[in-house]
1. Go through (1) assigned to a helix (DSSP H, G or I); (2) at pLDDT 85 or above and name the single condition Asp34 misses.
2. Step by step: first the residues of the range 337-368, then only those that are touching a residue at least 24 places away in the same chain (Cβ under 8 Å) and not in a helix (DSSP H, G or I), then the one that is surrounded by the fewest Cβ atoms within 10 Å (Cβ to Cβ). Which residue is that?
3. Are any residues in the range 206-242 part of a loop (DSSP other than H, G, I, E, B), modelled with pLDDT under 90 and either surrounded by 15 or more Cβ atoms within 10 Å (Cβ to Cβ) or aromatic (Phe, Trp, Tyr) (or both), and if so, which ones?
4. Hey, does the range 90-100 have a residue that's part of a strand (DSSP E or B) and at pLDDT below 95?
5. For Arg44, state whether it is over 23 Å from Glu116 (Cβ atoms) and either modelled with pLDDT under 85 or not hydrophobic (A, V, I, L, M, F, W, C) (or both).
6. Residue by residue through the range 332-366, note down the ones that are closer than 23 Å to Ala393 by Cα and among the polar types (S, T, N, Q).
7. Please find, among Val347, Val273, Val294, the residue that is more than 27 Å from Tyr226 (Cβ to Cβ) and among the β-branched types (Val, Ile, Thr).
8. Check whether at least one residue in the range 371-389 is closer than 18 Å to Ala345 by Cβ, under 28 Å from the mean Cα position of the chain (by Cα) and among the basic types (Lys, Arg), and report yes or no.
Amino acid sequence: MRILVSLLLALALLVEPVPRASAQNLPDLGGTADATLSPQMERRIGENIVREIRYQDPSYVDDPEVTAYLDTIGEKLASAPPGASQHFEFFGVRDNTINAFALPGGFVGVNTGLLEACDDESELASVLAHEITHVTQRHIARQLSQQQQMQLPTMMALAAAILLGRSRPDLAMGAITAVQGVNVQSQITYTREFEQEADRIGFQRLVAAGYDPHAMAEFFEKMQRYTRISDDSSFPTYLRDHPVTSERIAEAENRAAKLPYRQHVDSLEFYLVKAKLRAERGDARDEVTYFRDVVRDRRYANEVAARYGLVAALLRNNQPRDAEAQFAALRGLHAQDPMLATLEARVRQALGDRDGALAILKAALARYPNRRPIVYAYVNALHDAGRYKEALAALAEPLRLYPDSERLWVLQAKTYAALGKRLLQHQAQAEVYVRQGSLPAAIEQLQLARSAGDGDFYQLSEIDSRLRELRAQHQRETQEAKQR
């Protein structure tokens, strides 16, 4: 319930307040989305929810390679016509149910169960295109704005239910019952109009991004088959949130039928991500057995991914020598992908070959410049080897390109600490806390940097400037909270 409580607090601060003179009356929320939630409010709510998921929910997939893959597909769809006027962030949730969900402000979560259920990349893209459209069309804000004559606490509970219902039904029910038994269960799912709009515009994105136009209908049909064969306990969450009807399937098929045939070649990374997630679930020995059987019997859609999964499972089961032998067979397939490079480096590290791992990662960075999962692995490998100055140098360009990356700032703070540079360590740690949404902690770190005693005039001036900026921001946010 911690996520629910934090969300309700966020909504209490962000939703337009009821005038005091009429606090006991039913407020008129108006007929537009902006009357309830502005785009800025949506973004802040989404940030708060994702922050809670990332730091409080153990099911959050904290894997930079999975995130990088989802970002690649998602950004391709978001930038395709009709385009999107906001930045999107995609993340994985370790949950076997088939589901994806959109949060306000440009955040989209994808359950690992959905990734496993998709037979090809276009099916995954069709779901992401649909969820992206829920965000760009501001369906959550529009749905709230339709709830006329609603008291503020009820609206907050409804908002929490809408936001959480698709990913955490248990928390959604908690949000509903939080307001003295108010019955808003019927409002959790999107309206039929919004689902149709997400299908229609999502289809446009899917086609414009170069994916198979038939994928949306095929995925809908797959979900409908689940309906026929599943009992209530295994009923896909996606179907509860996005009911699949014969009409929706027919509309998707009709749209695709009007377009010429187009075959989309799945990326190798699609299969590698699926294999990695499979290798990391359940008992390690069971996964080794599963992938050995798949490779032996040739029961795979992609041989490289099947062998990748076997190597990953062997490493997880503490069998580095067997992993080395299997990777040799994988290398013989002559495939190229950043995930193969990081896996080979993990094999070398498991064998105690630090120099070999560093050489592999350095070559991978030259082949895939500034790819963040490789940067993270390379810097951590440099740390393990005690080569801190090289680690610092390796972080410079990625930090310039991706200043919002919390993980890069964490690595920089760790590197400065290893080098004994206290001012710079606290300065980098302050930026970590800024990205975690904790301004008081960031301000405290800058104060520690100010008094570290190892900075020059220019560094101290930079610290003072950043301190003024963060204090002013914290004061503004505190005043806004008091006013609301």
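The values are calculated or read from the model by the stated rules, or taken from the named source; none is laboratory data. Predicted model only: the values in this text are computed from it and were never measured. Glycine gets a Cβ as well: all are built from the backbone with ideal geometry, and neighbour counts include every protein chain shown.
1. Unmet condition: (2).
2. Out of the qualifying residues, it is Leu351.
3. Within the range 206-242, the subset part of a loop (DSSP other than H, G, I, E, B) is 209-214, 230-231, 235-236, 242.
Checking which are modelled with pLDDT under 90 leaves us with 230-231, 235-236, 242.
Of everything in the range 206-242, those that are part of a loop (DSSP other than H, G, I, E, B), modelled with pLDDT under 90 and either surrounded by 15 or more Cβ atoms within 10 Å (Cβ to Cβ) or aromatic (Phe, Trp, Tyr) (or both) turn out to be Phe235, Pro236, His242.
4. Filtering the range 90-100 down to residues part of a strand (DSSP E or B) leaves 90-93, 100.
Narrowing the set further to residues that are at pLDDT below 95 leaves 93, 100.
Looking through the range 90-100, at least one residue is part of a strand (DSSP E or B) and at pLDDT below 95.
5. Details: over 23 Å from Glu116 (Cβ atoms): yes; either modelled with pLDDT under 85 or not hydrophobic (A, V, I, L, M, F, W, C) (or both): yes.
When the stated conditions are applied, Arg44 passes them.
6. Matches in the range 332-366: Thr342, Gln349.
7. Details: Val273 fails: more than 27 Å from Tyr226 (Cβ to Cβ); Val294 fails: more than 27 Å from Tyr226 (Cβ to Cβ).
The unique qualifying residue is Val347.
8. Checked the range 371-389: at least one residue is closer than 18 Å to Ala345 by Cβ, under 28 Å from the mean Cα position of the chain (by Cα) and among the basic types (Lys, Arg).
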